[in-house]
1. Looking at R185, R156, which is the one that is surrounded by 17 or more Cβ atoms within 10 Å (Cβ to Cβ) and among the basic types (K, R)?
2. Looking only at segment 96-121, which residues are of a type outside the set (A, V, I, L, M), at pLDDT 90 or above and part of a loop (DSSP other than H, G, I, E, B)?
3. Which of (1) farther than 14 Å from D103 by Cα; (2) open to solvent by 30 Å² or more (accessible area, probe 1.4 Å); (3) at pLDDT 85 or above; (4) within 27 Å of the chain's Cα centre (by Cα) is the odd one out, the single condition S65 does not satisfy?
4. How many residues are among the small types (G, A, S), over 26 Å from R185 (Cβ atoms) and surrounded by 15 or more Cβ atoms within 10 Å (Cβ to Cβ) if we restrict to segment 1-52?
5. Which pairs have Cβ atoms under 8 Å, sit 6 or more apart or on different chains, and link a residue in segment 133-158 that is more than 22 Å from D69 (Cβ to Cβ) and touching a residue at least 12 places away in the same chain (Cβ under 8 Å) to one that is charged (D, E, K, R) and open to solvent by 60 Å² or more (accessible area, probe 1.4 Å)?
6. Just to be sure I understand the filter: pairs with C-beta atoms under 6 Å, separated by 6 or more residues or on different chains, first member in segment 89-108 and closer than 24 Å to N34 by Cβ and open to solvent by 70 Å² or more (accessible area, probe 1.4 Å), second member at pLDDT 90 or above and of a type outside the set (A, V, I, L, M, F, W, C). Which pairs pass?
7. State whether the residues of segment 184-200 include one that is among the aliphatic types (A, V, I, L, M), at pLDDT 85 or above and over 14 Å from the mean Cα position of the chain (by Cα).
8. So V334 ticks every box in (1) more than 25 Å from R287 (Cα to Cα); (2) surrounded by fewer than 20 Cβ atoms within 10 Å (Cβ to Cβ); (3) free of Cβ contacts under 8 Å to residues at least 60 places away in the same chain but one. Which box is left unticked?
Amino acid sequence: MTTGPVLLSELGTDPASVLRLIAQFDALEEQEVNADTAVRFAALSAGCPVGVRWPGGAAVRYDASGRLDPVDDGAAAASDGHEPIVWVERDGSGHPLDQVLLDRLRHVLGRLAQRTGVSGAPYLGDPALLEVVLSGKEHREDRARAIRLLGLDETRPTCVLAASGHSPPETVRLITGELPVQVVRSAVIGNATAIVCQGSFDMRELSDRLERVVVGQFPAVVNTGTASGPWVGIGSVGNAFGASTSWREALRALRFASSTGFGRRVVAYERLSSLELLADLPVDRVRRNRDVARIDEIASSPAGDLDVQTTEAFFVYGSLRRTAAELHVHHSTVAARLARLQTRMGWDFEDPVDRFLATLVLIVRRIALSSAELAEANLL
């Protein structure tokens, strides 16, 4: 946790004062704070407004009390390179240590960019501002101010993604590295990470590409105990004032993304089509359904869980041999696991109706599992 900074007004110009100021920012860097915290810290230390403008044009400014304030368009020119522009705003003459403070702030922001791989904007946006943008209850003028303070454009196409709570910094880095846009803001809200991005999108291409990336980073292998990685819902594209709708859609799509090993990890709301109706099924009713309850009972034992996961994998990969190759087992092992589940459930996967029923049961079970996890953080 950061402590209150020493004010420049309390420091002289001697080497000991310079080293004390540098030590403050070194300590800040070690705490791995986000960009907003670093700029706010600098403003409190300077005792006057401090701002930063990134190469993409996004800017943030804090006043002497540490309050987020709008950025005057003429306060600093946009960076024409890869480094952010930082500045102090003083009445009258500057402080002798202003340049040292700005150098150290620029250094912290540079190290932040190296650590996160995001150099054109703050890594995690101010959560309170982002919550205002994503809320459908706030007044339009309040949302407009929050949009501007976050450096977003009211008129540009805007899309919101919701990612499960797996390691938010790693999740944001993984996802933003694949987004075909420059303007991205993110914050952890409850048990999910909201990622707001602006630009042009092909939803099918984006969701498929993110799916490949997540699966590549976190391959689904049964019975290993490895992390399944994040699961992601993608809302539809609108303008910045429609971000609240896109966020709700992203959370709705997140319920279809798999918290189990072999469902789809990334789901775009626009691609759900009529399946979206399943999201209205009460979770308690789904869990009490005879077939879902039976699957849960089977999955409660290690051997039964293998059978259920193998069946899910089979419906993803479509054949015994492909499933066996993905699971690194012999195809006869896959066949045996499928046979056990079919016997216990009374299904015949050669029958189209039974195969559809099994697929449907596994889908609604995933929705119930994902919904239960998200509901723990009051996201639904």
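1. Exactly one residue qualifies, and that residue is R185.
2. P96
3. Result: S65 passes all but (4).
4. 2
5. G136/R248
6. Once the first residue is closer than 24 Å to N34 by Cβ and open to solvent by 70 Å² or more (accessible area, probe 1.4 Å) and sits in segment 89-108, no partner that is at pLDDT 90 or above and of a type outside the set (A, V, I, L, M, F, W, C) comes close enough.
7. Just the residues of segment 184-200 that are among the aliphatic types (A, V, I, L, M), to begin with: 184, 187-189, 192, 194-196.
Then keep just the ones that are at pLDDT 85 or above; that gives 194-196.
Next, from what is left, pick out any that are over 14 Å from the mean Cα position of the chain (by Cα): none.
Looking for residues that are among the aliphatic types (A, V, I, L, M), at pLDDT 85 or above and over 14 Å from the mean Cα position of the chain (by Cα), one finds none in segment 184-200, hence no.
8. The one condition V334 does not meet is (2).
The values are calculated or read from the model by the stated rules, or taken from the named source; none is laboratory data. Just so it is clear, the model here is predicted, and its values are computed rather than measured. Positions of Cβ are backbone-derived with ideal geometry, glycine not excepted, and every protein chain shown enters the neighbour counts. We work out accessible area using only protein heavy atoms, side chains counted, and drop any ligands, DNA or RNA first. Shrake-Rupley method; radii C 1.70, N 1.55, O 1.52, S 1.80 Å.
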